[in-house]
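The values are calculated or read from the model by the stated rules, or taken from the named source; none is laboratory data. All values derive from a computational prediction rather than experimental measurement. When we count neighbours, we look across all protein chains shown, and the Cβ atoms used for this are built from the backbone with ideal geometry, even at glycine. Ligands, DNA and RNA are excluded from the accessible area calculation, which covers all protein heavy atoms including side chains. Shrake-Rupley method; radii C 1.70, N 1.55, O 1.52, S 1.80 Å.
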Amino acid sequence: MIQPVASRRHAIADDLRNQISTGRIAAGERLPSESELASHYKVSTPTLRNALAILQAEGLVEKIHGKGNFVRRRLRRLTYVGGGRLTDAWSGAEEPLRVTISATNIKARRDLAALLGVSARTTLTEFVCLSYEGNQPHSLARIYVPRDLAPTDLTDGAPWRERVEERLAELCPPLVEIRETVGARCPTPEEASTLRISSALAVLAITRVAADIAGRVVEAAVLVLPGDRADAVFTTHHTTEGKGKEG
C-alpha cells in the first residue's frame, strides 16, 4: 500500500522531531542536506521540504539561506499576564534579555489613527523595542503615543517595558481605561524578517490601548511574541459572600 504524501511528510516530521526532543540531534546542529534527507526517507525533495516546513512552523528548525537547516536553540519563554506585563522565568544564571529602543516621529496611518482616535496624518512618536536573547531576536513591541506626550530621554536597556512605562507615567495624565486585544496570527513579512522566524510560525499579537480620564488615548502598543517562546495567562479571582450569623 502506497502511503499518501501528506502522511509521509508528517511521518518524517515526527521522526525528526523525536530525534530533536531526545537529543540525538542537538540544538544548533545542522541537519543533513535536503537531498540527503530525501534519499534517506525515500521521498521527493518537495515532500521532504514540506516535512521540514512543519518543523519550521513549530519553531524547532531554522532554515538559514545558503547554509542549510539547523535545529533551533530553545529560547526563553515569556508569560503575558495582562496589563502590559510580561513575566520572565529568568533564573539569574542566564543573561537577561538585551533590548534596543529606537524612536521615530511618524504620520499616523489609517489603522493607527483609528487605534488612537486621531485624524490621519497626525504626528505620533513610534518606539520600537526589540529584545534579544544572545544574538537572536526574541520579541518585538511597537508603542505609539501622541507627539506631545512622547518622552525624549529613553535609552537602550532592560526591562524595556518598565523603562518606557515609567517615562510615559510621568508625562501622561492618570489612566482610567486600558483595553487589550489578544490573538494569534501569522507574522507580517516585516515581523518575520525582524524576528528571524518562519512566516508560518504563529505569533501572539497583543494590542493594548490606554486612555485618560478625558477619554483621550495616550498610548497604543502592539506586542508581537513568537508562539514558540510565549504564553498568555489570565487569572480570575472569584469571591463568595459569607453567610450571616444566626442570632
TODO: Grab the helices (runs of 4 or more DSSP H) fully contained in the range 34-126, keeping just those with 1 or more residues being closer than 26 Å to Asp231 by Cα and without any contact (Cβ under 8 Å) to a residue 60 or more places away in the chain.
DONE: 45-57
Open item on the list: Checking the condition among the acidic types (Asp, Glu) and either at pLDDT 80 or above or closer than 30 Å to Leu37 by Cβ (or both), which residue from Asp111, Asp88 passes?
Closed with: Asp111
Task: Pick from the range 166-224, criterion open to solvent by 70 Å² or more (accessible area, probe 1.4 Å) and modelled with pLDDT of 90 or more, ranking: nearest to Glu62 (Cα to Cα) - done: Ser193
